[in-house]
Amino acid sequence: MRLVRFLFGNWALKIGALLLAIILYVGMVALQSTQQWPGQIAITPVNQPLASFLIKPETMPTVRDIRYIAPADVSVTKDSFSATIDLKDAKVDAGQTTLVSVQLTSDDKRIQIIDYQPQQVSVTLDRIVTKPIPVKVVAGTPPTGLSLGPQTQSITSVDATGASTLVAGIVEAEASVPIDASGLDVNKEVPLVPVNANGDTVENITLDPATVQVTIQIGSQLRTETVAVAPVIRGSPAAGYYVTSIDVSPLVISVSGEADALAALNGAVSTQPISIAGATGDISVKIALNLPAGVEAPDASTVTVVVHMSSPATTRTVTIGIVPDGARSDRMYALSTSSVTVTLGGAAAALNAFDTSTLVGIVSVGTLAPGTYTVQISVSVPSGIKIVAQNPLKITVTVTVPPSPEPSPSPSP
């Protein structure tokens, strides 16, 4: 009953209060009529996935046709609004687009946003990848009467990082080096630019490192000469060996440089040192040239050098023992001599390394019956060593049967 009295008691007064509230709201709305802001707001991506790249963000539309309600004394500017798109759930695939909602907000609570365009936009995300690319130095044109000389660069490749579709089209990192009109040598750090097969710059790519140190000699008397290759040999071969000849391929090369630098070569360019220390045979190497400053060999960075070794021939005479081979336990063998003298021939180094104490003369007696025979003496020597002389070549072998042992006496009864 109290509730009923509360709801319907003084009903005329309550209806009047409700009507007054409606009139006040309508008046407030009338004072804050809908307005349209004529400017445009750039859209800012947020929550972009790691290792992803937003393709062509410069083509993304701006928010326009903004309709809002605000008190008349509120100044509405570009800073009154902010537009974002949330990329948290966008697909990271260059072949697919994702439709995302555009959120337009205002930090000023007195501004009530009614409508704006666009409400949604399509975005494409690509994977971030890295690949190595070569470094190419492009030098400018030297002044009249001057020529470009030898050129060096601190690095030959860099890592390019960016969207996979962009990185795939990059062929090299280019360093453009202008040549000063004064003709001074170049020695400076030059920025690198990623370029495609057409030579066009590829934007939104990071290079590591981003620069290359380039040196270029500028000269007025640059020319080319053909010079001989002079191998430089260091050390001594093993005892008993000596160098018999040296082969070089190619024998001559073309070098270029300034006239005074080429004149200092005296018609030959040396190689880097080649060690033959302790060598016991031929040595074949590919070796770099030892080019002085201001000279380069554009067609031959290395040459092949073969150092041929040999050892002088000599002889050595030794006396070795004779051993019967195949002797039977039920035979006795008498040799006419117990030793043989052998003269060995070969390279001095080979003879010096050979242990003659391992040599032995062999006479084969395994098939001989009792009697007297003349048997050949066989001596085996390793490869590289030969028998020059042997004395004797044969010996006399007498084969006998040992006497039977006497029977033991019978014990006394």
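If ARG67 satisfies every condition in (1) surrounded by 16 or more Cβ atoms within 10 Å (Cβ to Cβ); (2) at pLDDT 95 or above but one, which is the exception?
Answer for ARG67: the failing condition is (1).
Could you say whether any residue in the stretch 56-65 is part of a loop (DSSP other than H, G, I, E, B) and within 30 Å of ALA293 (Cα to Cα)? Talk me through it step by step, then tell me what you get.
Within the stretch 56-65, the subset part of a loop (DSSP other than H, G, I, E, B) is 56, 60-62.
Subsequent filtering for residues that are within 30 Å of ALA293 (Cα to Cα) retains none.
Taking every residue of the stretch 56-65 in turn, none turns out to be part of a loop (DSSP other than H, G, I, E, B) and within 30 Å of ALA293 (Cα to Cα).
Can you confirm whether the stretch 134-150 contains a residue that is touching a Pro at 6+ places or on another chain (Cβ under 8 Å), modelled with pLDDT of 95 or more and either surrounded by 14 or more Cβ atoms within 10 Å (Cβ to Cβ) or over 30 Å from ASP79 (Cβ atoms) (or both)? Walk me through how you get there before you give the answer.
Looking only at the stretch 134-150, we keep the residues that are touching a Pro at 6+ places or on another chain (Cβ under 8 Å), and these are 140, 148.
Pick out the ones that are also modelled with pLDDT of 95 or more and you get none.
No: zero hits.
List pairs: first residue in the stretch 136-149 and closer than 13 Å to ARG223 by Cα, second residue acidic (Asp, Glu) anywhere in the structure, Cβ distance under 7 angstrom, at least six positions apart or on different chains.
GLY149/GLU258
How many residues does the stretch 318-375 contain that are not in a strand (DSSP E or B) and not acidic (Asp, Glu)? Reasoning before the result, please.
Pass one, the stretch 318-375, residues not in a strand (DSSP E or B): 326-331, 336-338, 348-360, 365-370.
Among the residues that remain, those that are also not acidic (Asp, Glu) are: 326-329, 331, 336-338, 348-354, 356-360, 365-370.
The number of residues fulfilling the criteria is 26.
Look through SER336, SER249 and report the one residue that is within 30 Å of THR356 (Cα to Cα) and at pLDDT 90 or above. Give the derivation first.
Details: SER249 fails: within 30 Å of THR356 (Cα to Cα).
None of the other options fit; the residue is SER336.
Table: residues versus (1) over 22 Å from ASN290 (Cα atoms); (2) under 34 Å from the mean Cα position of the chain (by Cα); (3) of a type in the set (Lys, Arg).
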site	(1), (2), (3)
SER176	yes, yes, no
ILE205	yes, yes, no
GLN213	yes, yes, no
TYR241	yes, no, no
THR244	yes, no, no
VAL252	no, yes, no
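Take SER245 and decide whether it is exposed (fewer than 13 other Cβ atoms within 10 Å of the Cβ) and in a strand (DSSP E or B).
Values: exposed (fewer than 13 other Cβ atoms within 10 Å of the Cβ): yes; in a strand (DSSP E or B): yes.
Yes; evaluated as a whole, the condition is true for this residue.
Is the stretch 120-133 home to any residue that is surrounded by fewer than 15 Cβ atoms within 10 Å (Cβ to Cβ) and among the hydrophobic types (A, V, I, L, M, F, W, C)? Break it down into steps so the answer makes sense when it comes.
If we filter the stretch 120-133 for residues that are surrounded by fewer than 15 Cβ atoms within 10 Å (Cβ to Cβ), which is where we start, we get 120, 122, 130-132.
From what is left, the residues that are among the hydrophobic types (A, V, I, L, M, F, W, C) are none.
Taking every residue of the stretch 120-133 in turn, none turns out to be surrounded by fewer than 15 Cβ atoms within 10 Å (Cβ to Cβ) and among the hydrophobic types (A, V, I, L, M, F, W, C).
Filter the stretch 159-208 for residues that are outside any loop (DSSP other than H, G, I, E, B) and charged (D, E, K, R); which is nearest to PRO134 (Cα to Cα)? Give the derivation first.
Initial filter on the stretch 159-208 (outside any loop (DSSP other than H, G, I, E, B)): 159-167, 170-177, 186-191, 193-196, 201, 206-208.
From what's left, charged (D, E, K, R): 159, 172, 174, 188-189, 208.
Numbers: ASP159: 9, GLU172: 5, GLU174: 9, LYS188: 19, GLU189: 17, ASP208: 12 Å.
So, considering only residues that are outside any loop (DSSP other than H, G, I, E, B) and charged (D, E, K, R), the one nearest to PRO134 (Cα to Cα) is GLU172.
Of the numbered conditions (1) surrounded by 15 or more Cβ atoms within 10 Å (Cβ to Cβ); (2) at pLDDT 90 or above; (3) under 21 Å from GLN390 (Cβ atoms), ILE274 fails exactly one; give the number of that condition.
(3)
I need the full set of residues from the stretch 276-317 which are under 22 Å from GLN217 (Cα atoms) and outside any strand (DSSP E or B), in order please.
Result: ASN290, LEU291, PRO292, ALA293, GLY294, ALA297, PRO298, ASP299, ALA300, SER301.
Considering only residues that are surrounded by 13 or more Cβ atoms within 10 Å (Cβ to Cβ) and among the small types (Gly, Ala, Ser), look in the stretch 291-305 and name the one that is farthest from ALA230 (Cα to Cα).
So the residue we want is GLY294.
Which residue is farthest from ASP65 (Cα to Cα), if the candidates are limited to the stretch 96-118 and must be under 51 Å from the mean Cα position of the chain (by Cα) and loosely packed, with under 12 Cβ neighbours inside 10 Å?
Restricting to residues being under 51 Å from the mean Cα position of the chain (by Cα) and loosely packed, with under 12 Cβ neighbours inside 10 Å, the top hit is GLN96.
Might you check whether a residue that is in contact with a strand residue (DSSP E or B) (Cβ under 8 Å, 6 or more places away or on another chain) and under 30 Å from VAL63 (Cα atoms) occurs anywhere in the stretch 146-162? Walk me through how you get there before you give the answer.
Filtering the stretch 146-162 down to residues in contact with a strand residue (DSSP E or B) (Cβ under 8 Å, 6 or more places away or on another chain) leaves 146-162.
So of that shortlist, the ones also under 30 Å from VAL63 (Cα atoms) come out as 162.
Scanning the stretch 146-162, I find at least one residue that is in contact with a strand residue (DSSP E or B) (Cβ under 8 Å, 6 or more places away or on another chain) and under 30 Å from VAL63 (Cα atoms), so the answer is yes.
When you go through THR372, THR367 one by one, which is the residue that is in contact (Cβ under 8 Å) with a residue 24 or more places away in the chain, surrounded by 11 or more Cβ atoms within 10 Å (Cβ to Cβ) and of a type outside the set (A, V, I, L, M, F, W, C)? Walk me through it before giving the result.
On the way: THR367 fails: surrounded by 11 or more Cβ atoms within 10 Å (Cβ to Cβ).
It is THR372.
If I filter the stretch 39-61 for residues that are in contact with a helix residue (DSSP H, G or I) (Cβ under 8 Å, 6 or more places away or on another chain), more than 30 Å from SER164 (Cα to Cα) and modelled with pLDDT under 95, do I get at least one hit?
Looking through the stretch 39-61, at least one residue is in contact with a helix residue (DSSP H, G or I) (Cβ under 8 Å, 6 or more places away or on another chain), more than 30 Å from SER164 (Cα to Cα) and modelled with pLDDT under 95.
Among the residues of the stretch 158-192, how many are under 26 Å from LEU148 (Cα atoms) and either in contact (Cβ under 8 Å) with a residue 60 or more places away in the chain or surrounded by fewer than 17 Cβ atoms within 10 Å (Cβ to Cβ) (or both)? Can you show your working first?
First, pick out the residues of the stretch 158-192 that are under 26 Å from LEU148 (Cα atoms): 158, 171-192.
Checking which are either in contact (Cβ under 8 Å) with a residue 60 or more places away in the chain or surrounded by fewer than 17 Cβ atoms within 10 Å (Cβ to Cβ) (or both) leaves us with 171, 176, 178, 180-185, 187-189, 191.
The total comes to 13.
Condition first: outside any loop (DSSP other than H, G, I, E, B), closer than 30 Å to TYR241 by Cβ and either at pLDDT 90 or above or touching a Phe, Trp or Tyr at 6+ places or on another chain (Cβ under 7 Å) (or both). Can you find one or more residues in the stretch 389-407 that meet it?
Within the stretch 389-407, the first condition is being outside any loop (DSSP other than H, G, I, E, B), and the residues that meet it are 389-391, 394-400.
Then keep just the ones that are closer than 30 Å to TYR241 by Cβ; that gives 389-390.
This time we only want the ones that are either at pLDDT 90 or above or touching a Phe, Trp or Tyr at 6+ places or on another chain (Cβ under 7 Å) (or both), so: 389-390.
Yes, because at least one residue in the stretch 389-407 is outside any loop (DSSP other than H, G, I, E, B), closer than 30 Å to TYR241 by Cβ and either at pLDDT 90 or above or touching a Phe, Trp or Tyr at 6+ places or on another chain (Cβ under 7 Å) (or both).
The values are calculated or read from the model by the stated rules, or taken from the named source; none is laboratory data. A quick note: this is a predicted structure, and the numbers were derived from the prediction, not measured. Backbone-built Cβ (ideal geometry, glycine too); neighbour counts: all protein chains shown.
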